[in-house]
Amino acid sequence: MLFLYNLIIHFSSLVVKLLVIFSPKMKLFVNGRKEVFLTLQSKINSNDQTIWFHAASLGEYEQGLPVIEKIKVQYPNHKIVVTFFSPSGYEVRKNNTVADVTVYLPLDTKSNAQKFIDSIHPERVFFIKYEYWPNYLNELKKRNIKTYLISGIFREKQAFFKWYGGFYRNALKTFDSFFVQNESSKNLLVSIGFINVKISGDTRFDRVVSILERDNSLDFIEQFKNNKPTIVVGSSWPKDENLLVNYINNAPDAVKFIIAPHNIKSEQIQELKNSITKKTILFSEVQTNRDLSLRDYDIFIIDTIGILTKIYSYADIAYVGGGFGQPGVHNILEPATFGVPIVIGPNYSHFAEATALVHLEGCLSISNQNELNNAFNLLIHNEDERHEKGHICATFVQMNKGATEVILKHIY
């Protein structure tokens with residue numbers, strides 16, 4: 001089976017190189033890996049002590065960040081290596097300050113795994129949430145390097161738990177410990193013979209709680225809000241925006257909207273702006289004309305990345321996008337930690353925090369225009385309802401923090 005897997009990986013590497021012609025993302029995926037070993041050679045010496053964290057993409061990096069930060073403090077003489085599989089993670093966080101080295105993870109061939117691990121010679125390795133690369137994991141096991149899965153989550157439909165999943169189960173045998181988010185994940189692992197499992201919870205809660213300790217002020221958002229009720233729309237997709245624009249164009253003048261789309265390509269941003277009949281300004285326009293009076297605008301479209309978290313601190317209501325697509329809704333914990341009531345689309349069942357907050361009624365799930373209208377109208381006009389749901393969200397986040405400490409207590 002490993003032979004077949006390696007054959008597929010080598011074939012996939014050829015296919016990816018062909019896709020570079022058609023896909024800018026694939027171009028980043030391929031070109032970004034060309035300099036990995038040269039980068040490692042220039043930044044890591046043979047006598048360096050290192051700890052390696054692997055994240056599939058941006059969400060997993062943010063999830064693992066509380067653990068990375070704590071370990072960096074506890075082991076200041078170690079170099080932290082962070083790897084990404086996806087361009088959407090690497091390109092956003094390649095200049096992060098917590099890691100000493102940030103690179104793409106080379107494709108999972110046997111030679112890449114050997115060369116990569118030779119280059120960084122880690123003392124310990126942390127895979128965040130998921131991604132199980134057999135050649136890397138086997139090589140780590142051969143060298144007796146402690147390897148952990150943190151904030152792991154497992155579902156019954158995964159191949160590990162099927163009759164044909166022996167190859168995948170073997171990959172799991174390389175982990176020294178599993179730190180999983182919930183009891184169902186632990187039970188699934190126990191059902192296939194793993195007892196080295198600890199329920200730690202989700203480190204994302206620690207991540208978002210730490211946000212409250214930072215300076216989240218943005219003068220231009222303060223000016224735009226102008227003490228008026230403000231709905232912040234985060235990570236919206238076209239299916240979200242179709243409903244939102246219909247509401248916005250008929251919303252009371254007293255309500256302001258800040259929209260941070262998931263995709264910030266200029267043509268899509270312009271299309272969104274043109275669909276709105278109210279007075280609308282783009283972040284990029286503010287950057288080129290500081291004399292604009294933002295308080296005079298009704299809609300603020302954020303055509304940049306990296307500031308949405310701070311913007312949520314100004315929200316009276318949050319709409320988090322992605323819930324009309326697959327796998328579903330984006331991160332709802334960032335608005336939740338600020339005590340903001342949340343509205344999402346119907347596809348959220350893959351996300352435990354969204355499922356829990358819908359059940360607790362801090363988060364409202366909508367499926368159509370009428371439900372969106374009713375949810376927004378309820379939260380705009382009923383201040384008690386708005387505050388109660390916001391309180392539920394903030395309390396939920398606070399009650400679920402602490403996963404980082406559980407992990408650190410058991411690995412050293």
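A 1.4 Å probe run over the protein chains yields, for the chain, 47 Å² of accessible area per residue, whole-number rounding.
Taking only the alpha-carbon positions of region 1-59 and ignoring solvent, what does the Debye formula give for the base-10 log of I(q)/I(0) at q = 0.13, 0.19, 0.21, 0.27 Å⁻¹? Listed by q, the Debye log ratios stand at -0.56, -0.97, -1.03, -1.07. Note on residue 304 and residue 265: their simple-model spin labels are 2.2 nm apart, each label 7 Å out from Cα toward Cβ.
Relative contact order for region 1-201: 18 percent, from Cα pairs under 8 Å spaced at least 6 residues apart, divided by residue count.
Across 90, 319, the residue with the most accessible area heads the list, and the full order at a 1.4 Å probe is 90, 319.
Fully extending the segment from residue 142 to residue 100 would add 12.5 nm, taking 0.36 nm per residue of separation and subtracting the current Cα-Cα distance. Modelled this way, with points 7 Å down the Cα-to-C-beta line, the labels at residue 23 and residue 295 are 4.9 nm from one another. The trypsin sites (Lys or Arg not before Pro) of region 1-100 that meet both conditions, a loop assignment by DSSP and at most 15 other Cβ atoms within 10 Å of the site Cβ, are 34, 94. For 237, 133, 52, 163, the ranking by accessible surface with the largest value first comes to 163, 237, 133, 52, using a 1.4 Å probe. When the alpha carbon coordinates of region 1-201 are projected onto the principal axes, the ranges are 44, 43, 29 Å, largest first.
The Kirkwood radius of the chain, taken over pairs of alpha-carbon atoms, gives through the Stokes-Einstein law at 10 °C and 1.306 mPa s a diffusion coefficient of 69 µm² s⁻¹. GNM on the chain, alpha-carbon springs under 10 angstrom: the most fluctuating residue among 356, 318, 159 is 159. Largest accessible area first, the residues 58, 360 order themselves as 360, 58 under a 1.4 Å probe with ligands, DNA and RNA left out. Carbon-plus-sulfur accessible fraction, the chain (probe radius 1.4 Å, protein heavy atoms only): 52%.
GNM, the chain, Cα, under 10 Å: largest mean-square fluctuation among 272, 372, 364? Of 272, 372, 364, the most mobile in the Gaussian network model is 272.
Expected output is a single nm value to one decimal: the length gained when fully extending between residue 284 and residue 355, i.e. 0.36 nm times separation in residues minus the C-alpha distance. What is it?
That pair, residue 284 and residue 355, stretches by 22.0 nm at full extension.
Take the Cα of residue 277, step 7 Å toward its Cβ, do the same at residue 6, and the gap between the two points is 6.5 nm.
Taking every alpha-carbon pair under 8 Å whose residues sit at least 6 apart, region 198-280 reaches a relative contact order of 31 percent. Between 298, 240, 219, where does the largest GNM mean-square fluctuation fall for the chain, given springs only between Cα atoms within less than 10 Å? Largest GNM mean-square fluctuation: 219. Given an 8 Å cut-off on Cα distances and at least 6 residues of separation, report the relative contact order of the chain as a percent. Once normalised by length, the contact order is 12 percent.
The values are calculated or read from the model by the stated rules, or taken from the named source; none is laboratory data. Computed from a predicted model, the values in this text were never measured in an experiment. Glycine also receives a Cβ, built like all others from the backbone with ideal geometry; neighbour counts cover every protein chain displayed. These accessible areas exclude ligands, DNA and RNA; they are computed on the full protein's heavy atoms, side chains included. Shrake-Rupley method; radii C 1.70, N 1.55, O 1.52, S 1.80 Å.
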